[in-house]
Structure formats: C-alpha cells, structure tokens
1. At 7 Å along the Cα-to-beta-carbon direction for both M45 and R253, put a label point, then send me their distance in nm to one decimal.
2. Calculate, for V238 and L157, the FRET efficiency according to 1/(1 + (r/R0)^6) with r their C-beta to C-beta distance and R0 35 Å; round to the nearest 0.05.
3. Taking Rg and Dmax of the Cα atoms in Å as the quantity of interest, determine which of (i) 20.6, 69; (ii) 20.1, 66; (iii) 18.7, 60 was computed from the displayed structure.
4. Mind checking which helices in the chain clear 20 Å along their axis (Cα) and have mean Kyte-Doolittle hydropathy of 1.0 or more, DSSP H runs only?
5. What distance in nm lies between label points placed 7 Å from Cα along the C-beta direction at L131 and V260?
6. Send over a whole-number figure in Å² for the accessible area per residue of the chain, probe 1.4 Å.
7. Could you work out how much longer the chain between L81 and A140 gets when fully extended? Use 0.36 nm per residue separation minus the Cα distance between them, nm to one decimal.
8. Accessible surface of V234 in the full protein assembly, 1.4 angstrom probe, to the nearest 10 Å²?
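The values are calculated or read from the model by the stated rules, or taken from the named source; none is laboratory data. Remember, predicted model here, so these are calculated numbers, not experimental data. Don't worry about glycine lacking a Cβ; one is built from the backbone with ideal geometry, like all the others, and counts go over all protein chains shown. Surface accessibility is based on the protein's heavy atoms, side chains included, excluding ligands, DNA and RNA. Shrake-Rupley method; radii C 1.70, N 1.55, O 1.52, S 1.80 Å.
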Amino acid sequence: MWVIVVCILLVLAGLLAVVRWGGLAVQPPPTPPPHAAGSTDPPPMSLVARRYLWYLALAVTAGFGAGILAAGAGGRLAMRLLAVTAGADAQGRITEAQQVVGRITVDGTLGFIVFTALFFGLASGAIYLLLHRLLPTGWAGGLVYGALLLVVAGTRLEPLRRGNPDFDLVGPGWVSVAVFAALVVFHGVLVAALAGRLSRTLPLLSLEPRALTGHALLLLLVLLAPLGLIAAVVGVVVVLVSRVPGMAAHAGRLMAVGRVALALVGLVALPGFAEAIVDILGRGR
C-alpha cells in the first residue's frame, strides 16, 4: 500500500511543479562578456561547448525529473487503476512485461520508474530542448509539446501502442485511453515546466561546486554508453557549425521552416493516432 502512497506523492509533486512553473519559458544560458554584449565575432569554442553542455544538462535533468514524477510514478498509478477497473477475472493474469495484473511490488515499481525515467524521460527532455523555440510561449508551449508527444509517439511507442496485448486484459478501453492520454500530456507539460525553472538557476559548467552539481546528471549519459556517444557526436557538430560565418542571420528563416515542419509532422501522424485510439476503445473488459 505504501508503494502506491509514494507514487501519489510523486505525482502530486509533479502537479505542483506544473502549477508553479508551467508558464515559464526556457531562458538561454548565461553568457560571459564580451559576447553577452552582442559581439558579431564567433564565440570561443570553449564557450560553445559549455553552452551545449548547459542545454544537455537542462534536457537530462528536466527529462529525468519528469520521467520519475509523471511517466514513472504516474504510469504505475495508471496501471493500478486499470487493474482495478478490469474486474476480478483479469486479476493474476500475466501482462506483456511479465507482470501480474493486480500485484504491485517494490522491486517492480522501482524498476519501472527508473527504466521509464532513463529512457522515455531523457528522450522527451532532449526533444523538448530541441523544439522549445518552435513552440508557443507560456502554458501553451507545454500543452502543445505534450499533445505532440501523444499524437506522434503515444500510439507508436508507448503507452497507447496499438499492438499491446495488455489492452485485451485491462480496461475498459475508454479508461485506458483517457488515463494514458492525460498522463502523456502531463509529462510533456512537466518537462517544459522543469526546463523553464531550471534554466533560471543552472550556471554554465565550471569548477564551482554549484555548477558541478547542476551538471551531475550528465553522468547518466556515461552509464548509458550509446546515448553518451550520440551526445558527444552532436556536441562536436554544434561546435563546428558555430564556426560557420553568418549562421545567426538565417535563424529567423530556420525558425519559420521548423514550425511548418513540426505542424506537418503532427498532421501526418494524426490519422494513425486516431486509428489506434479507435482500436483501443473497442478492446478491454
């Protein structure tokens, strides 16, 4: 029982973060002079690398935090709710993940939360930092991001994957759709809220204890070697691109193209999303 209580407290903490910081936009990293004064010369490579690590730390911290508070703890509560609404004949059945319907264990809960935070959380944090300038400002930005996660990834990956046989065990279908759709949007809004808040307090990387602490979660990328390698390659590309003259002059055009491309991705994904939702609505108990 106390496992459920802890999950509820974690979700409440996430909701409080959304209420307090949901309208905050991501502020750019602090830039030391003379580049803060609008110098037209390319910034030093060391500064570009530190700024990249700043954004990376912001993405990892916001994504990991939202992964624990929303996707992890919230996902566990959603599973418990669906097990209860599934009825007595579903209890004790084995899910696709080899879990027992209706049974909540400490090990299973911790494993689920950590796995979700490490993979879905980190990925969603990184994607948000890549897209945040293309999204609306304020509350609308987090809501749009959550909706994009739901439409583009929610029915193709998790948690509303059409091929998931668990929807034949638990339900009813409308409860599954309502709970998981709300959870995905909540996760997206929480990522945006945490990123907006952390961007106001996270310093650039230095030898100061506060800066080292703020970047500590980057060690997760060292443990997850493939992700760390991708991050390193992207960092090298960012540093090299920063040396190309005139890149800032094309920023406005690139933003407009990016917004159009993002809207097209959502529209293309919408029919498949709708088909999956209709399928799930017709399943479950």
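1. 2.8 nm
2. 0.85
3. Recomputing Rg and Dmax of the Cα atoms in Å here gives the entry labelled (i).
4. 2-21, 45-66, 173-198, 225-241, 251-281
5. Between L131 and V260, the simple spin-label model gives 1.9 nm.
6. Dividing the accessible area of the chain by its residue count gives 52 Å².
7. Working it through step by step, the gained length comes to 18.4 nm.
8. Accessible area of V234: about 70 Å².
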